[in-house]
Amino acid sequence: MTPLVLDPATTALVLIDLQQGITSLPVTPRSGAEVVANAGRLLARGRERGLTVVLVQVGFLGDQDRLNLPVDTPAPGRPSRGGLLPELGPKEGDIMITKRQWGAFYGTELDLQLRRRGIRTIVLGGIATNFGVESTARDAYERGYAQVFAEDAMSSVNAEGHRFTVSVVFPRIGRVRSTDEILAALA
């Protein structure tokens with residue numbers, strides 16, 4: 001495994017959908033509270049070291065904003081309209097992105113904000129691993145961003161989906177590491 005080296009000047013921490021209503025869902029392999037705790041550790045170190053912090057939330061203005069296409073398994077319910085968890089932010093200088101699809105790049109200014117700051121690497125975490133995080137990661141890869149996935153700062157609605165994404169998809173488009181390994185790279 002390649003040693004992880006992160007340059008705070010060119011690295012952003014991007015956290016997906018850690019908001020009220022989503023973090024309280026039954027997720028696995030770790031609880032929403034565990035994901036939030038690890039994300040909080042990453043945020044504290046990232047802010048201390050001067051990383052660009054991006055907090056992404058999902059939100060719909062109304063039913064017309066939400067895709068309603070014929071599918072075999074519709075998404076359960078509506079994503080929460082509740083805001084970000086107060087313990088995570090936002091803090092002064094954080095970038096706030098509101099997305100209306102699974103991925104944080106589609107239809108938002110995320111790419112523009114990262115490029116304006118000279119970001120080349122993103123550290124990703126959030127809920128759900130194989131939906132919002134994976135969709136964002138695939139788009140980031142196609143846009144040429146190096147990626148580090150904080151495996152223990154994400155979780156999903158089922159263990160198999162999380163496991164598949166972390167063991168099959170993410171290693172092909174970035175590097176999978178623990179929160180502790182990422183914190184050590186930012187020491």
By average C-beta atoms within 10 angstrom, highest first, the peptides 16-27, 100-111, 121-132: 121-132, 16-27, 100-111
List, in order, the whole-Hz ³J(HN,Hα) value for each residue of the stretch 115-129 obtained from phi through the Karplus relation with A = 6.51, B = -1.76, C = 1.60 and θ = phi - 60°; use x for Gly and Pro. 5, 4, 9, x, 6, 10, 10, 10, 9, 10, x, x, 10, 10, 3
Cβ-defined net charge surrounding GLY103, 12 Å radius [Lys, Arg +1; Asp, Glu -1]: -1
Measure nothing fancy, just the Cα-based angle from helix 32-49's long axis to the longest principal axis of the chain, in degrees from 0 to 90, nearest 10. 40
Inverting the mean 1/r over all pairs of different Cα atoms, compute the Kirkwood radius of the stretch 127-187 and quote it in Å. 11.7
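What order, most packed first, do the peptides 137-144, 35-42 have when packing is the mean number of other Cβ atoms within 10 Å of each residue?
Top to bottom by mean Cβ count within 10 Å: 35-42, 137-144.
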Quick one: in the chain, what % of C-alpha pairs are over 19 Å apart? 54
Least to most buried among SER155, SER135, SER31 (fewest other Cβ within 10 Å first): SER31, SER135, SER155
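Expressed as a rounded percentage, what relative contact order does the chain have, with Cα pairs under 8 Å and six or more residues apart?
Numbers: 350 pairs, mean separation 56.4, N = 187.
About 30 percent, as a whole number.
What does the helix-only formula give at 222 nm for the chain: each DSSP H stretch with n ≥ 4 adding -39500 (n - 2.57), the total divided by the residues, and the result rounded to the nearest 500 deg cm²/dmol?
The helix-only estimate for the chain comes to -7500 deg cm²/dmol at 222 nm.
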How far is the Cα center of the stretch 148-176 from the Cα center of the stretch 13-49, in Å? 14
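Just so you know, all these numbers are worked out from the coordinates, no wet-lab data involved. Just so it is clear, the structure is predicted and the values come from calculations on it, not from any experiment. Cβ atoms come from the backbone with ideal geometry, glycine included; neighbour counts cover every protein chain shown.
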